[in-house]
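All remarks here apply to the structure that follows.
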Amino acid sequence: MRRSGILHAELNRQLSLLGHTDTVVLGDAGLPIPRHVPVVDLAVVLGLPRLRPVLDALLETVVVEGAVLADEARGGP
């Protein structure tokens, strides 16, 4: 049993499958997702977990080769 880092078993499994140039998307419940894309749903209640703690945990776990941030995440239109 793990005591630190990402504890969510399915999230760990999907992260372990990542290779160079693969993409991870963090999105809210309204994000349209194609049927063929693996999904790890972390939702507990509306608004939880917050994006930043999930992002911070991912950044401690995987090597990020690049990033794109939506305007909405910046507080834009």
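Annotations
- Checked against the criterion of being modelled with pLDDT under 95, of a type in the set (D, E, K, R) and within 25 Å of Ser4 (Cβ to Cβ), the stretch 65-76 contains one or more residues that satisfy it.
- Leading residue by the ranking (farthest from Val54 (Cα to Cα)) among those in the stretch 1-38 that are loosely packed, with under 10 Cβ neighbours inside 10 Å and of a type in the set (Lys, Arg): Arg35
The values are calculated or read from the model by the stated rules, or taken from the named source; none is laboratory data. Treat the numbers as computed from the prediction; the structure is a model and nothing was measured. FYI the Cβ positions are ideal-geometry reconstructions off the backbone, even for glycines, and counts take in every protein chain you see.
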